[in-house]
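Asks: Starting off with a structure, shown below.
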Amino acid sequence: MFPAVWCLHKSGRVFDTCFGLLTAITSCLYHICDSIDSPLWLDEGQWHRLDNIATITSIVCWIVYLMDIQQRVVEEYTQYVLFIFVLIFQQKNPWDPANSFAPILGSLLILMFRYMLFHPIPSYHKRELGMGFLFLFCGVCFYIRGLDDENDPYRFFHGCWHGLSGIAAYYNVRILANRQSVLPLKQK
């Protein structure tokens with residue numbers, strides 16, 4: 001996750017950088033509290049709720065990035081409005097999967113309508129797109145498998161989710177071909 005956060009920082013994507021860091025910090029503190037069975041300023045459930053908010057917002061930020069909005073102020077408004085929806089849905093019930101997926105699905109619908117109605121699909125680096133989705137898909141499979149605490153008592157599958165989603169994030173911040181990347185890409 002940290003290489004992706006560094007790249008976001010170097011690209012001047014402040015909102016994305018902050019939520020990438022928040023995701024890493026809250027996730028770490030949530031898992032530490034879970035392991036030591038003791039609070040660290042906030043208890044496990046409070047860190048978990050913040051982790052959910054940060055993770056969902058980070059995913060939404062990536063979807064906004066894929067929208068390739070050229071006007072920075074429009075992109076920022078889009079991020080903030082979608083963040084408000086994340087907060088509202090998580091406040092309603094953070095443990096209901098529908099409240100986690102609704103802001104993500106809503107963002108994906110905006111992405112699809114944007115390309116279907118208003119703008120052509122931008123040029124993507126196919127290798128980064130493929131690798132990002134491959135690692136993300138594998139990570140989601142481990143995440144789903146890790147939801148069953150009885151079959152994942154040592155949180156191995158959940159840990160794989162974190163590792164694979166971090167690798168996916170590294171590729172996912174390099175997808176747009178028309179954006180100046182701070183990471184080296186092999187030119188063919």
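Laboratory data are not the source of any read-out in this text; all were calculated from the coordinates shown. This is a predicted model, so every value here is computed, not measured. Note: ideal-geometry Cβ built from the backbone for every residue, glycine included; neighbour counts use all protein chains shown.
Asks: Could you please state, rounded to a whole Å, how far the C-alpha centre of the range 46-66 is from the C-alpha centre of the range 1-45?
Replies: When both Cα centres are located, 10 Å separates them.
Asks: Is the C-alpha gyration tensor of the range 68-165 telling us rounded, prolate or oblate? Criteria: a/c under 1.5 is rounded; beyond that, a/b larger than b/c is prolate, otherwise oblate.
Replies: Cα axes put the range 68-165 in the oblate bin.
Asks: Treat the count of other C-beta atoms within 10 Å as a stand-in for reagent exposure and order Glu150, Glu76 from fewest to most.
Replies: Ranked by crowding around the Cβ, least crowded first: Glu150, Glu76.
Asks: Return a whole-number percent for the relative contact order of the range 29-89, with Cα pairs under 8 Å and 6 or more residues apart as the contact set.
Replies: Over the range 29-89, the number comes to 27 percent.
Asks: Let me ask something else about it. How far is it, in nm, from the label point at Ile121 to the one at Ile36 when both lie 7 Å from their Cα along the line to the Cβ?
Replies: Using points 7 Å along Cα→Cβ, the separation is 4.8 nm.
Asks: Oh, and also: Given [x] 66.6, 215; [y] 16.8, 52; [z] 16.7, 57 as candidate values of Rg and Dmax of the Cα atoms in Å, which corresponds to the one derived from the coordinates?
Replies: Looking at Rg and Dmax of the Cα atoms in Å for this model, the match is [y].
Asks: Rounded to the nearest 500, what is the chain's calculated 222 nm mean residue ellipticity when only DSSP H runs of at least 4 contribute -39500 (n - 2.57) each, over all residues?
Replies: After summing the helix terms and dividing by the residues of the chain, the value is -23500 deg cm²/dmol.
Asks: Under DSSP H, which helices of the chain have Cα atoms covering 27 Å or more of the helix axis and a Kyte-Doolittle average no less than 1.0?
Replies: 14-36
Asks: At what distance in nm do the modelled label points of Ile84 and Glu150 sit from each other, each positioned 7 Å from its Cα along Cα→Cβ?
Replies: It is 4.3 nm.
Asks: Here is a follow-up. Kindly give the semi-axes, whole Å and largest first, of the ellipsoid equivalent to the range 123-181, taking each as the square root of 5 times a Cα gyration tensor eigenvalue.
Replies: Those come to 29, 9, 6 Å.
Asks: Testing the spin-label approximation: label points 7 Å from Cα along Cα→Cβ at His9 and Leu108. State their distance in nm.
Replies: The modelled label-to-label distance comes out at 3.1 nm.
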